[in-house]
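S.K.: For reference, the structure I am asking about is given below.
The values are calculated or read from the model by the stated rules, or taken from the named source; none is laboratory data. None of the values given here were measured: they were computed from a predicted structure. Quick reminder, even Gly has a Cβ in these numbers, built from the backbone with ideal geometry, and neighbours come from all protein chains shown. Surface accessibility is based on the protein's heavy atoms, side chains included, excluding ligands, DNA and RNA. Shrake-Rupley method; radii C 1.70, N 1.55, O 1.52, S 1.80 Å.
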Amino acid sequence: DGRLTFYPGNQTVDLPFINFMKRYGTVFLNAYTNSPICCPSRAAMWSGLFTHLTESWNNFKGLDPDYVTWMDLMEKHGYRTQKYGKLDYTSGHHSVSNRVEAWTRDVDFLLRQEGRPMVNLTGDRKHVRVMEADWQNTDKAVSWIKKEAINLTQPFVLYLGLNLPHPYPSPYAGENFGSSTFLTSPYWLEKVTYEAIKIPKWSSLSEMHPVDYYSSYTKNCTGDFTKQEVRNIRAFYYAMCAETDAMLGEVISALRDTGLLKKTVVIFTADHGELAMEHRQFYKMSMYEGSSHVPLLVMGPGIKEQQQVPNVVSLVDIYPTMLDIAGIPVPQNLSGYSLTPLLRGEAENGVSPRGPRPSWVLSEFHGCNVNSSTYMLRTGRWKYIAYSDGSSVLPQLFDLSEDPDELTNVAIKFPVIVHSLDKILRSVVDYPKVSSSVQEYNKRQFISWKQSLGQNYSNVIGNLRWHQDWLKEPKKYESAIDKWL
């Protein structure tokens with residue numbers, strides 16, 4: 001959650017290496033994902049293109065495997081490249097359940113898909129390495145810096161993808177039954193200031209926007225939660241962020257120990273945030289700040305220190321920025337703009353051959369847990385969210401300067417602003433057309449999956465992550481799917 005990287009959000013948890021980057025570099029106060037879910041977000045970051053252009057509709061459908069990423073171009077121009085950890089930009093290889101839920105979100109039924117969010121404290125006060133796989137990848141990156149990077153005569157680019165902070169799969173269930181456990185150890189939990197944790201306000205279920213209600217229901221968050229449960233989920237999430245920060249610290253320390261820190265640009269960001277029980281939801285898949293607002297910190301030679309940039313930026317800007325840093329010509333077809341002028345503290349006017357950076361960013365979502373394609377335009381104080389074809393589902397408008405917690409939809413109150421933002425949005429993406437093509441894609445994919453199962457279809461679909469609801473009335477849900485098809 002990008003709000004953790006600047007005041008006042010970072011009063012809840014100690015993040016020493018994020019703070020180190022703020023002291024010696026630049027923090028972007030308003031950085032956003034271009035799609036609040038793993039694979040489509042990473043597809044945007046690696047391609048520099050908006051989601052509707054890459055057609056990365058869900059966690060299973062990302063970039064074509066032969067797409068030329070910024071790292072490919074840097075390698076072609078003489079950089080030594082190395083990648084460790086989670087990549088997830090061609091396909092997330094997520095479960096069958098994850099795919100089927102994304103395809104069937106247009107079906108007129110309401111089924112819980114997740115285990116209820118829980119917390120699990122593991123180990124003792126000495127247990128530092130909770131997310132062992134991430135630590136192993138961090139160790140590999142550190143070792144590469146100390147053994148390989150230090151001896152290179154050519155410049156290098158190293159990518160480290162971490163899974164943390166991310167709820168863990170519930171250990172007692174198979175791959176289809178949701179990932180809903182916030183897991184940490186006492187070591188990390190002690191770095192969280194419990195008193196500083198804000199308990200989010202929830203609207204009553206009857207007042208929720210219909211798409212939000214669908215998300216809360218499918219994520220199994222419409223039941224009763226005590227304040228202590230909510231506080232714990234949030235505390236454990238912050239503790240997982242502290243563990244992530246320590247991994248960042250290992251990389252920074254390795255660069256410092258090898259004398260490379262002063263001549264290396266370091267970028268820290270995320271594919272999406274975590275709602276951690278804001279708006280009666282956990283996970284991502286939402287345009288609310290907790291899910292769509294990401295951290296973006298950069299430090300290194302030529303980058304202004306202790307700088308806070310208020311401009312709205314997004315992950316598609318990484319592609320042109322990496323090429324700019326490397327002095328490689330930037331392709332003109334990209335959705336993003338180089339951040340280099342902002343990083344140097346320069347005015348942006350006229351720097352780019354494509355003209356000035358737009359005053360808005362775009363995020364869109366087409367996957368599971370949300371029953372409609374969603375488009376978010378963030379500009380100035382406003383966040384505008386349009387759904388589906390723009391008319392069958394009411395839009396949302398939030399004034400982030402007056403209402404940072406996004407509790408009051410003011411779309412009806414400000415029709416002129418809605419109209420002007422919708423006009424900008426439509427000039428960037430013909431969203432009714434995109435929504436329609438996603439619906440067609442979902443049907444095609446579902447039909448071919450159904451045909452591949454033959455006689456086994458009823459059994460397989462009944463035992464996906466929605467099995468507890470489905471098995472009560474299987475015929476009802478199967479016929480809802482038939483009707484949709």
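S.K.: Before we move on, is residue 151 within 29 Å of residue 112 (Cα to Cα), open to solvent by 30 Å² or more (accessible area, probe 1.4 Å) and of a type in the set (S, T, N, Q)?
M.R.: Judged against the criteria, residue 151 is not a match.
S.K.: Identify, by number, the condition in (1) more than 20 Å from residue 314 (Cβ to Cβ); (2) of a type outside the set (A, V, I, L, M); (3) in contact with an Asp or Glu (Cβ under 7 Å, 6 or more places away or on another chain) that residue 78 doesn't meet.
M.R.: Checking residue 78 against (1) more than 20 Å from residue 314 (Cβ to Cβ); (2) of a type outside the set (A, V, I, L, M); (3) in contact with an Asp or Glu (Cβ under 7 Å, 6 or more places away or on another chain), the one that fails is (3).
S.K.: Does the range 101-144 hold any residues that are under 30 Å from residue 230 (Cβ atoms), part of a helix (DSSP H, G or I) and open to solvent by less than 40 Å² (accessible area, probe 1.4 Å), and which are they?
M.R.: The answer is 101, 102, 104, 105, 134, 135.
S.K.: Also, quick follow-up: Just a yes or no: is a residue in the range 51-62 over 26 Å from residue 484 (Cβ atoms), in contact with a strand residue (DSSP E or B) (Cβ under 6 Å, 6 or more places away or on another chain) and at pLDDT 95 or above?
M.R.: no
S.K.: Quick check on residue 344: is it more than 26 Å from the chain's Cα centre (by Cα), closer than 20 Å to residue 29 by Cα and open to solvent by 40 Å² or more (accessible area, probe 1.4 Å)?
M.R.: Considered against the rule, which asks whether it is more than 26 Å from the chain's Cα centre (by Cα), closer than 20 Å to residue 29 by Cα and open to solvent by 40 Å² or more (accessible area, probe 1.4 Å), residue 344 comes out as yes.
S.K.: Right, next: Tell me yes or no: at least one residue of the range 63-74 is buried (at least 24 other Cβ atoms within 10 Å of the Cβ) and not in a helix (DSSP H, G or I).
M.R.: The answer is no, given that none of the residues of the range 63-74 is buried (at least 24 other Cβ atoms within 10 Å of the Cβ) and not in a helix (DSSP H, G or I).
S.K.: Additional query: Of everything in the range 75-100 that's of a type in the set (Lys, Arg) and buried (at least 18 other Cβ atoms within 10 Å of the Cβ), which residue is nearest to the chain's Cα centre (by Cα)?
M.R.: Per the stated criteria, the residue is 86.
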